[in-house]
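Report on the structure given below.
The values are calculated or read from the model by the stated rules, or taken from the named source; none is laboratory data. Since we're looking at a predicted model, the values are computed, not measured. Backbone-built Cβ (ideal geometry, glycine too); neighbour counts: all protein chains shown. Heavy atoms of the whole protein, side chains included, go into the accessibility calculation; ligands, DNA and RNA do not. Shrake-Rupley method; radii C 1.70, N 1.55, O 1.52, S 1.80 Å.
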Amino acid sequence: VGLSTERAHLVRAVLDGIALRVAQIIQAMNADSRTPVPRLRADGGLTRNETLMQIQADMLGIPVEVLEDREATARGVCSLAARQTGIWASDESITGQVRVARVYQPASTAEFRQRRLAEFDRAVTALKSWNRAQP
């Protein structure tokens, strides 16, 4: 790495940052829960980026399912409200609506994943320290 950084390098760094931050969040959820997350279901505009979805699967070590419904999060919130208020009597009426468009399987090793996450943690820590030192 040097002064020859190109636009593609910056784009890849952004994609890596997104995937690694999500991986940190899932790790925290797994640590706080007795039930590890077996797969990640994703929706929204970023799911159109196949590279990001593959990086995400690699950094999580679990499959990433991209949903057909790009607005599944909003629909899910509404579904949970309907379930809680009794409008829908069962979870099946909600889960039956989920349609997976594509599944990304992890292709990296656990060692690679752990190394990348450790590097990311160090980088975030260094940036936080640097930011505090600025006037």
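Scanning segment 6-23 turns up no residue that is more than 17 Å from Arg116 (Cα to Cα) and open to solvent by less than 50 Å² (accessible area, probe 1.4 Å).
Taking every residue in segment 21-41 that is free of Cβ contacts under 8 Å to residues at least 12 places away in the same chain and of a type outside the set (Asp, Glu) and pairing it with any residue that is assigned to a loop (DSSP other than H, G, I, E, B) and open to solvent by less than 50 Å² (accessible area, probe 1.4 Å), at least 6 positions away or on another chain, the pairs with Cβ-Cβ distances below 9 Å are Met29/Val37; Asn30/Val37; Pro36/Ile62.
For Gln114, indicate whether it is within 19 Å of Pro38 (Cα to Cα), without any contact (Cβ under 8 Å) to a residue 60 or more places away in the chain and open to solvent by 100 Å² or more (accessible area, probe 1.4 Å). The answer is yes for Gln114.
Residues in segment 39-50 that are open to solvent by 50 Å² or more (accessible area, probe 1.4 Å) and either in contact with a Pro (Cβ under 8 Å, 6 or more places away or on another chain) or over 25 Å from Ala74 (Cβ atoms) (or both): 1 in all. Scanning segment 54-85 for residues that are touching a strand residue (DSSP E or B) at 6+ places or on another chain (Cβ under 7 Å) and either open to solvent by 20 Å² or more (accessible area, probe 1.4 Å) or free of Cβ contacts under 8 Å to residues at least 40 places away in the same chain (or both) yields Gln54, Leu60, Ile62, Pro63, Glu65, Val66, Leu67, Glu68.
Yes or no, residue by residue, for (1) modelled with pLDDT of 90 or more; (2) touching a helix residue (DSSP H, G or I) at 6+ places or on another chain (Cβ under 7 Å); (3) of a type in the set (Ser, Thr, Tyr); (4) within 19 Å of Arg12 (Cα to Cα):
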{"position": "Gly45", "(1), (2), (3), (4)": "yes, no, no, yes"}
{"position": "Gly76", "(1), (2), (3), (4)": "no, no, no, no"}
{"position": "Leu80", "(1), (2), (3), (4)": "no, no, no, no"}
{"position": "Thr85", "(1), (2), (3), (4)": "yes, no, yes, no"}
{"position": "Thr95", "(1), (2), (3), (4)": "no, no, yes, no"}
